[in-house]
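In what follows, a single structure is set out as structure tokens and then discussed.
The values are calculated or read from the model by the stated rules, or taken from the named source; none is laboratory data. Just so you know, these numbers come straight off a predicted model, no measurement behind them. As a convention, Cβ positions derive from the backbone with ideal geometry for all residues, glycine included, and neighbour counts pool all protein chains shown.
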Amino acid sequence: MMTLAEVDALAGRAHAGQTDKAGVPYVEHVRAVAAGLAPLGPHLAMAGLLHDVIEDTPWTAERLRAAGVPDRVVALVEAVTNRPGIPYEEKIRRITQDPGATLLKIADNAHNSRSDRAAALDPAQRERLAAKYRTARELLWAAADPRQVATVLRVVNPELLEEFDSWCDPRHGNPSRGPDRRET
């Protein structure tokens with residue numbers, strides 16, 4: 001079985017030469033997602049490093065398994081991989097059936113929602129993606145343990161903590177959630 005360091009190296013090789021819209025090496029995104037998941041366990045951190053590998057590189061689930069990536073990690077990566085013909089909201093609903101995949105997608109969504117990343121987009125695209133990510137967050141947050149969500153957000157995108165606290169507040173329509181879930 002691969003170690004976290006070996007998975008990080010694999011992610012670095014797989015995403016070599018790829019950049020995001022701001023010109024930042026793409027591996028920085030997957031490492032940020034993994035950092036947010038690291039407090040929740042090594043399999044989630046590994047999945048964070050690999051979450052875009054099947055979608056954005058020649059790597060397949062079979063190749064990941066053959067390389068020694070744990071089956072659970074591959075399953076998490078497959079769960080969040082975009083599939084042609086599946087609408088985004090349906091994809092999010094499917095993800096919420098697996099607690100680990102839900103946390104993985106929360107970390108990805110949180111990093112994609114960072115204001116410094118969004119600043120590189122044109123205004124129309126920025127607004128469209130912000131609305132898409134907000135809608136997804138509501139579905140994802142509802143399916144996750146609030147303490148784990150707060151743990152991820154504190155690392156990946158602290159800007160979202162205020163939104164999350166408001167979402168958790170029973171006075172704002174979420175009676176099953178406590179008013180402040182920042183402490184884990």
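A single member of A61, A66 is surrounded by 15 or more Cβ atoms within 10 Å (Cβ to Cβ), of a type outside the set (D, E) and either more than 14 Å from D108 (Cβ to Cβ) or over 14 Å from the mean Cα position of the chain (by Cα) (or both), and it is A61. For the condition under 21 Å from E138 (Cβ atoms), of a type outside the set (F, W, Y), surrounded by 14 or more Cβ atoms within 10 Å (Cβ to Cβ) and in contact with a helix residue (DSSP H, G or I) (Cβ under 8 Å, 6 or more places away or on another chain), D8 does not qualify. Residue pairs whose Cβ atoms lie under 7 Å apart, separated by 6 or more positions or on different chains, with the first residue in region 119-141 and closer than 15 Å to E89 by Cβ and touching a residue at least 60 places away in the same chain (Cβ under 8 Å) and the second assigned to a helix (DSSP H, G or I) and acidic (D, E), do not occur.
Can you spot a residue in region 41-48 that is assigned to a helix (DSSP H, G or I), surrounded by 23 or more Cβ atoms within 10 Å (Cβ to Cβ) and not hydrophobic (A, V, I, L, M, F, W, C)? The answer is yes, given that some residue of region 41-48 is assigned to a helix (DSSP H, G or I), surrounded by 23 or more Cβ atoms within 10 Å (Cβ to Cβ) and not hydrophobic (A, V, I, L, M, F, W, C).
Answer yes or no: is there a residue in region 149-161 that is over 20 Å from R31 (Cβ atoms) and assigned to a loop (DSSP other than H, G, I, E, B). Within region 149-161, not a single residue is over 20 Å from R31 (Cβ atoms) and assigned to a loop (DSSP other than H, G, I, E, B). Pairing each residue of region 79-102 that is under 22 Å from L44 (Cβ atoms) with any residue that is at pLDDT 95 or above and in a loop (DSSP other than H, G, I, E, B), provided the two are 6+ apart or on different chains, yields C-beta distances under 6 Å for A79/D98; V80/H51; T96/A143; T102/T96; T102/A143; T102/A144.
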